[in-house]
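Have a look at the structure below, then the notes.
Just so you know, all these numbers are worked out from the coordinates, no wet-lab data involved. Not measured: the values here are computed from a predicted model. Please note: Cβ atoms are built from the backbone with ideal geometry, for glycine as well, and neighbour counts cover all protein chains shown.
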Amino acid sequence: MSLLTVSGLGKSFGGNRAVDGIGFSVAKGELLALIGPNGAGKSTTFNMVNGQLPADSGSITLDGQELLGRKPRDIWKLGVGRTFQIAETFASLTVLENVQMALISADGRLFSMWRRAAAHKQAEALDLLRQVGMAAQADRPCSVLAYGDVKRVELAIALANRPKLLLMDEPTAGMAPKERNELMALTKRLVVERGLAVLFTEHSMDVVFAYADRLIVLARGRLIAEGQPAEIRDHPEVQAVYFGSGKTFEKKAAAA
């Protein structure tokens with residue numbers, strides 16, 4: 001059963017039709033990759049789902065509730081978490097404090113002084129950090145972490161409101177191959193354990209084909225292909241859009 005359903009989604013900027021009537025769905029326990037060449041409409045689609053951009057037409061429903069017209073925070077309250085291409089954490093706070101702040105926000109609580117908040121849900125914050133492999137670094141400031149570890153902290157923060165749907169924008173951008181695989185393997189495990197639905201954009205084809213359950217492919221604002229990795233790998237229009245004639249995803253992955 002679909003958790004997220006998108007239909008007839010459209011967006012224009014001036015005379016440019018950035019997204020042209022696309023539709024897709026994401027089920028619980030599924031990782032859906034949204035891919036396409038530069039200018040395909042991926043970021044525009046992603047930001048409409050998250051409420052950062054208003055749509056001109058169409059529908060986006062989460063568990064039957066319409067998301068169009070809602071603000072990002074209201075969408076977040078309905079159970080949508082998000083990570084960003086450039087990881088967003090409070091560099092001066094510790095790893096644990098970053099997750100605690102997310103839990104405070106999820107509870108809708110306000111604290112006038114940090115020392116009043118310092119004990120807030122420490123056990124829950126540590127549990128989230130254990131899930132992403134960062135409990136041992138709970139007391140370190142985020143400013144001293146390796147970038148791959150910052151991405152793990154950001155994932156823990158995104159999980160603080162117990163989301164049904166997780167949006168991941170270029171989750172492995174700027175990461176080394178080993179870090180990329182570790183983060184996506186962790187995400188895959190959390191999807192299975194929590195029954196999460198994940199929609200992610202990604203430029204690294206090795207990551208996409210290794211971890212996505214299904215793929216949707218955009219080109220010039222239109223949906224040109226949808227299916228499992230093996231189907232998309234061999235799809236002639238997708239290969240033409242990405243690489244031109246004579247090239248394949250296997251060659252691209254090998255060079256990544």
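Values computed for the structure shown
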quantity	calculated
Chain lengthening between Asn16 and Gln228 when straightened (0.36 nm per residue, less Cα-Cα)	73.3 nm
Residue order, fewest to most surrounding Cβ atoms within 10 angstrom, among Tyr211, Tyr242	Tyr242, Tyr211
Neighbourhood net charge (12 Å Cβ-Cβ; Lys/Arg +1, Asp/Glu -1) for Asp56	+1
Within segment 137-164, backbone nitrogen closer than 15 Å to the virtual label 7 Å beyond the Cα of Lys77 toward Cβ	161
Cα centroid separation - segment 1-47 against segment 139-179, whole Å	23 Å
Note, ³J(HN,Hα) from phi for segment 147-156, Karplus 6.51, -1.76, 1.60, rounded to Hz, x at Gly and Pro	4, x, 6, 4, 4, 5, 4, 4, 5, 4
Using alpha-carbon coordinates, inclination of helix 177-194 to the longest axis of the chain, degrees	80 degrees
Ellipticity estimate at 222 nm from DSSP helix runs (n ≥ 4, -39,500 (n - 2.57)) divided over the chain, nearest 500	-11000 deg cm²/dmol
Highest to lowest packing among 3-15, 90-102, scored as the average C-beta count within 10 Å	90-102, 3-15
Relative contact order (percent, whole number), the chain, Cα cutoff 8 Å, 6+ residue spacing	26 percent
Length gained when the stretch Glu66-Gln52 is fully extended (0.36 nm per residue, less Cα-Cα span)	3.5 nm
Folded to 0 to 90 degrees: helix 122-131 orientation relative to the chain principal axis, Cα	40 degrees
Segment 47-54 - phi-based ³J(HN,Hα) in whole Hz, Karplus 6.51/-1.76/1.60, Gly and Pro as x	6, 6, 4, 7, x, 7, 10, x
